[in-house]
Amino acid sequence: MAVTKWKSALLHTGLIAGFLLSIFPFYWLAVMSTRTTPEIYSYPPKLWFGTQLFDNISRVIANIDFFGAFMNTLFVASTCTVLVLFFDSLAGITFAKYHFPGKKGLFVLLLATMMAPAQLSLVPSFVIMAKFGWVGTYKALIIPGMVNAFGIFWIKQYAEESIPSELLDAGRIDGCGFFRLYWNISLPILRPALSFLGAFTFIGVWNDYLWPLIILTDESKFTLQVALSSLNGIYTTDYSMVIAGTLLAVLPLILLFLFISKQFISDIAAGAVKS
């Protein structure tokens with residue numbers, strides 16, 4: 001009995017320590033956004049909140065079109081997420097539950113694309129976008145990102161284990177076509193996987209910096225990360241302003257996590273009970 005209590009105490013201690021280590025960078029970001037740049041460099045460091053938050057935020061808004069960049073990023077991230085969920089789920093279910101010539105070879109090729117660094121495709125991708133006349137437009141951000149290999153792999157692996165083939169066969173006997181099976185049978189079962197993939201995709205597109213920096217030429221179309229990068233001066237940088245802008249950019253992702261976490265956990269629990 002005593003050993004069990006000790007194990008439980010150690011487990012909870014480890015969980016609490018892990019939680020504190022995970023949350024500290026966000027706490028530190030919030031604290032530094034309320035300080036001036038000299039206070040950020042001061043030693044010992046200031047561990048409590050200051051009084052400069054609204055002043056720092058006002059300077060961010062004065063130096064860049066923050067709300068315009070915010071809406072641009074929200075549009076691009078939301079559109080990419082919806083498209084990725086649709087196309088990746090279609091492809092993942094097809095790889096998991098349907099048989100067609102060349103299936104294994106195509107899947108191996110798909111996995112191979114995941115092993116290549118994304119930076120290798122920057123120049124070819126830019127040349128292709130230039131040929132299409134998409135440089136400086138949102139099409140260059142959305143269309144190349146509307147399908148990704150990881151999402152297809154993730155949905156395939158999940159669908160293989162969670163969607164019974166007998167359930168699909170029963171649907172076919174009842175006269176369901178491919179899209180009816182997809183929409184009414186497969187998608188409800190895939191909700192936990194889609195929740196994760198949606199959050200993963202949205203956060204990735206929201207934080208993307210390099211590709212928007214290369215492809216966007218009109219300042220009015222800049223995404224949030226590109227706009228925030230312009231706060232860095234050539235010779236000096238006001239870090240209190242930069243950190244305040246970073247805090248504003250991170251807040252929507254925190255709210256997104258709080259919004260989907262309860263649903264995600266309940267979906268996982270429901271799937272475990274059903275299985």
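The values are calculated or read from the model by the stated rules, or taken from the named source; none is laboratory data. Please read these numbers as outputs of a predicted model, since none were measured by experiment. Neighbour counts are summed over all protein chains in view; Cβ atoms, including those assigned to glycine, are modelled from backbone coordinates with ideal geometry. Surface areas here come from the heavy atoms of the whole protein model, side chains and all, with no ligands, DNA or RNA. Shrake-Rupley method; radii C 1.70, N 1.55, O 1.52, S 1.80 Å.
At-a-glance table
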read-out	value
Boolean, L47 is at pLDDT below 90, touching a helix residue (DSSP H, G or I) at 6+ places or on another chain (Cβ under 9 Å), aliphatic (A, V, I, L, M) and assigned to a loop (DSSP other than H, G, I, E, B)	yes
Residues located in segment 32-91, provided they are aliphatic (A, V, I, L, M), touching a residue at least 40 places away in the same chain (Cβ under 8 Å) and farther than 30 Å from A159 by Cα	M32, I40, L53, I57, V60, I64, A69
Check on K131, among the charged types (D, E, K, R), more than 24 Å from L197 (Cβ to Cβ), in a helix (DSSP H, G or I) and open to solvent by 70 Å² or more (accessible area, probe 1.4 Å)	yes
Of all residues in segment 190-236 being closer than 28 Å to F87 by Cβ and of a type in the set (D, E), the one that is nearest to the chain's Cα centre (by Cα)	D208
Contacts under 7 angstrom Cβ, first residue in segment 155-172 being over 18 Å from S195 (Cβ atoms), partner surrounded by 13 or more Cβ atoms within 10 Å (Cβ to Cβ) and of a type in the set (A, V, I, L, M, F, W, C), 6 or more apart	E160/A96; L167/I185; L168/L181; L168/I185; G171/L181; G171/I185
Residue list for segment 81-112, filter: within 17 Å of P144 (Cα to Cα) and open to solvent by 80 Å² or more (accessible area, probe 1.4 Å)	V82
Hey, P38 open to solvent by 50 Å² or more (accessible area, probe 1.4 Å), outside any helix (DSSP H, G or I) and more than 20 Å from W206 (Cβ to Cβ) or not	no
Cβ pairs under 6 Å, 6+ apart, first in segment 249-261 and more than 24 Å from L228 (Cα to Cα), second open to solvent by less than 40 Å² (accessible area, probe 1.4 Å) and basic (K, R)	none
Set D174, D218, D169: member being among the acidic types (D, E) and open to solvent by less than 70 Å² (accessible area, probe 1.4 Å)	D218
L181, sole failed condition from (1) under 23 Å from M146 (Cα atoms); (2) open to solvent by 30 Å² or more (accessible area, probe 1.4 Å); (3) without any contact (Cβ under 8 Å) to a residue 24 or more places away in the chain	(2)
Qualifying residue in segment 7-20 (condition: in contact with a Lys or Arg (Cβ under 8 Å, 6 or more places away or on another chain) and either open to solvent by less than 100 Å² (accessible area, probe 1.4 Å) or part of a helix (DSSP H, G or I) (or both))	no
Criterion: within 30 Å of T246 (Cα to Cα), modelled with pLDDT under 90 and of a type outside the set (D, E, K, R) - qualifying residue of L122, L141, L197	L122
Subset tally (residues that are touching a Ser or Thr at 6+ places or on another chain (Cβ under 9 Å) and open to solvent by less than 60 Å² (accessible area, probe 1.4 Å)) for segment 41-58	5
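Every residue, every condition in (1) outside any helix (DSSP H, G or I); (2) among the aliphatic types (A, V, I, L, M); (3) farther than 30 Å from L167 by Cβ, yes or no:
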| residue | (1), (2), (3) |
| --- | --- |
| F67 | no, no, yes |
| M71 | no, yes, yes |
| V76 | no, yes, yes |
| T81 | no, no, no |
| D88 | no, no, no |
| I93 | no, yes, no |
| F100 | yes, no, no |
| A112 | no, yes, yes |
